[in-house]
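Student: Take this structure, written in structure tokens, and hold onto it; I'll ask about it next.
The values are calculated or read from the model by the stated rules, or taken from the named source; none is laboratory data. All figures in this text were calculated on a predicted structure; none of them were measured in a lab. Cβ placement follows ideal geometry from the backbone for every residue including glycine, while neighbour counts extend to all protein chains displayed. Ligands, DNA and RNA are excluded from the accessible area calculation, which covers all protein heavy atoms including side chains. Shrake-Rupley method; radii C 1.70, N 1.55, O 1.52, S 1.80 Å.
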Amino acid sequence: MSTRAEMSLSLNLFRDAAATANRALASEAGRDLLTAADFQRILGLALLGSGKRKDGLRNCEESLAAAAKGNDAATTFDSRLAVLIARLENGNDAGAQSVFHDLEPALAVHPESRWRALALMAGIDRQFSVRARETLAELAHLWGDAAYRTYLGRPDIQKLSRPVLNPNFANHR
């Protein structure tokens, strides 16, 4: 269910991602703290994508709180990245910068997430654009041309990459 919900998010199928996350949260999966945190993160991101910014932020923040209680680095990392997105979508640039600085040490070993975080931050501070472009070029080298081109074709990545790859693009939240 998690993979299906994540794929729905990457295709901007927010209603499907939210429905899958809600089903998982209502089922047995919702009883495990870390699994519930993961699905709450997905739900939060789906709500953000659907324009329900406050609900999305709330779910992402609750996901991070649950992940921290579960003491799992991977789930906490994913939830923290979702909170970064949610704070940006809600216009909380200072809060987003704080989360980015919390994330930054772990980003070194997560090249795709590093690219995403830098691209997100470039939307509020152009100084991050150069680093985002460099990280995107690293992904091309790591993955090879075919995988990289497929990645760039995803709707979520196209939206994220526009302000980074085209410095004249007006980034509107």
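Student: What is the angle, in °, between the Cα long axis of helix 127-143 and the longest principal axis of the Cα atoms in the chain? Nearest 10 is fine, range 0 to 90.
Tutor: Result, in degrees: 80.
Student: Also, I was wondering about something else. Of the candidates Leu57, Leu11, Leu34, which one comes out as most mobile in a Gaussian network treatment of the chain with C-alpha springs shorter than 10 Å?
Tutor: Residue with maximal mean-square fluctuation among Leu57, Leu11, Leu34: Leu11.
Student: How would the stretch 41-126 be classified by its alpha-carbon gyration tensor: rounded, prolate or oblate, with rounded meaning a/c under 1.5 and the a/b versus b/c comparison settling the rest?
Tutor: Values: a/c = 1.71, a/b = 1.04, b/c = 1.64.
Here the stretch 41-126 falls in the oblate category.
Student: Now, a different point. What is the stretch 92-138 by shape, rounded, prolate or oblate, if you read a ≥ b ≥ c off the alpha carbon gyration tensor as root eigenvalues and call it rounded for a/c under 1.5, prolate for a/b larger than b/c, and oblate otherwise?
Tutor: It comes out oblate by the Cα gyration axes.
Student: Which distance in nm do the two modelled labels at Asn166 and Ala137 give, with both placed 7 Å along the Cα-to-Cβ direction?
Tutor: 2.1 nm
Student: Can you grab the distance from the C-alpha centre of the stretch 31-102 to the C-alpha centre of the stretch 120-148, Å, no decimals?
Tutor: Between the Cα centre of the stretch 31-102 and that of the stretch 120-148, the gap is 22 Å.
Student: Looking at [x] 1, 6, 9, 13, 13, 11, 11, 10, 8, 6, 5, 3, 2, 1, 0; [y] 1, 9, 17, 21, 22, 16, 9, 3, 1, 0; [z] 1, 8, 16, 19, 19, 15, 9, 6, 4, 2, 0, 0, which value of P(r) over Cα pairs in 5 Å bins from 0, in percent comes from a calculation on the structure shown?
Tutor: Matching the structure shown: [y].
Student: A further question on this structure: At 1.4 Å probe size, with the rest of the protein present, what percent of the exposed accessible area of the chain is carbon and sulfur atoms? Write out the running numbers ahead of the final one.
Tutor: Working: 4680 of 8930 Å².
Looking at the chain in its full context, I get 52 percent from C and S.
Student: Could you work out which residue, out of Ala146, Ala137, Ala26, moves most in a Gaussian network model of the chain, that is, has the largest mean-square fluctuation with Cα springs under 10 Å?
Tutor: Result for the chain, Cα springs under 10 Å: Ala146 fluctuates most.
Student: Could you tell me whether the stretch 10-62 comes out rounded, prolate or oblate from its Cα gyration tensor? Rule is a ≥ b ≥ c as square roots of the eigenvalues, rounded for a/c under 1.5, then prolate if a/b exceeds b/c, otherwise oblate.
Tutor: Cα axes put the stretch 10-62 in the oblate bin.
Student: Might you tell me the accessible area per residue for the chain, computed with a 1.4 Å probe and given in Å²?
Tutor: Normalised by residue count, the accessible surface of the chain is 52 Å².
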